[in-house]
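Have a look at the structure below before the remarks.
The values are calculated or read from the model by the stated rules, or taken from the named source; none is laboratory data. Everything numeric in this text was worked out from a predicted model, so none of it was measured. Virtual Cβ from ideal backbone geometry, glycine too; neighbours counted across all protein chains shown.
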């Protein structure tokens, strides 16, 4: 029996990021949450979490390129504050997967963590953030880095339905994995991680070997329509219009326009708007 009122659960803004790469086929970095975590326990997820108070979009704008708050907000249909979701996506990728999608400010070259001493220094930064001893933007400034918000592509919005003890209005992003960094889960709330092709994820989910939240599964299905990371980035950079997700009547299966059952599907079960799909020829 719930000890809370599901209708009174606050909906928190959140961001999550799909990290992709060609290895050599298109693959996606997945992480398994600890079974005892309150939200999505035991499920396989992308790096992500709530937008924090420290994800200040006005401060971030001074250390980022290729995306203003006005531009970010317009993409998401917001009046303002859209860039904070980008900050959260960058931060969560670093906190949960150890990947810092940043450029050297002086040279605009990607951050290189292949040197063990540099990797160790940034692992210390990561630990400080996870222990709440420092904030993400401070580290970016101190390391003379800049974030390329143009390489973090907005692709979807999913709002947790009423019922769970935690609800999120999550903005989904996708980014290509940098070639000189190695992702690893935080070994706290996240207990396993691995690279997988979208089709491999779908096979394991269908076989009951992986458990995914419905929106996560839907995003993997959309990604499975592509053959390479370059093809994905070309498509999402075009900022195609959102498609409203629906659910097959009497099931939990999320369908998109053009799929069987979409026209009669329900719109009050899952709240999702997705623009991750191949370009229309």
Looking at (1) touching a helix residue (DSSP H, G or I) at 6+ places or on another chain (Cβ under 6 Å); (2) within 25 Å of residue 63 (Cβ to Cβ), find the lone condition where residue 158 falls short.
(2)
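Out of curiosity, is residue 35 at negative phi, touching a helix residue (DSSP H, G or I) at 6+ places or on another chain (Cβ under 9 Å) and modelled with pLDDT under 95?
Spelling it out, it is not the case that residue 35 is at negative phi, touching a helix residue (DSSP H, G or I) at 6+ places or on another chain (Cβ under 9 Å) and modelled with pLDDT under 95.
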Where residue 201 falls short, out of the listed (1) touching a residue at least 12 places away in the same chain (Cβ under 8 Å); (2) exposed (fewer than 15 other Cβ atoms within 10 Å of the Cβ)
(2)
When you scan segment 186-237 for helices (runs of 4 or more DSSP H) that lie fully inside it, which ones turn up with 1 or more residues that are within 17 Å of residue 153 (Cα to Cα) and either modelled with pLDDT under 95 or touching a strand residue (DSSP E or B) at 6+ places or on another chain (Cβ under 9 Å) (or both)?
214-223, 229-236
A careful count of residues in segment 162-184 that are part of a strand (DSSP E or B) and more than 17 Å from residue 212 (Cβ to Cβ) gives 6
Restricting attention to segment 206-217, and to residues there that are within 21 Å of residue 248 (Cα to Cα) and without any contact (Cβ under 8 Å) to a residue 24 or more places away in the chain, which single residue is surrounded by the most Cβ atoms within 10 Å (Cβ to Cβ)?
206
Is it fair to say residue 239 is out of contact with any helix residue (DSSP H, G or I) (no Cβ under 6 Å at 6 or more places or on another chain) and at negative phi?
no
In segment 162-174, residues that are in contact with a strand residue (DSSP E or B) (Cβ under 6 Å, 6 or more places away or on another chain) and either crowded, with 20+ Cβ neighbours inside 10 Å or on the phi > 0 side of the Ramachandran plot (or both) total 6
The condition of being free of Cβ contacts under 8 Å to residues at least 12 places away in the same chain, over 30 Å from residue 104 (Cα atoms) and buried (at least 17 other Cβ atoms within 10 Å of the Cβ) holds, among 255, 247, 274, 220, only for 255
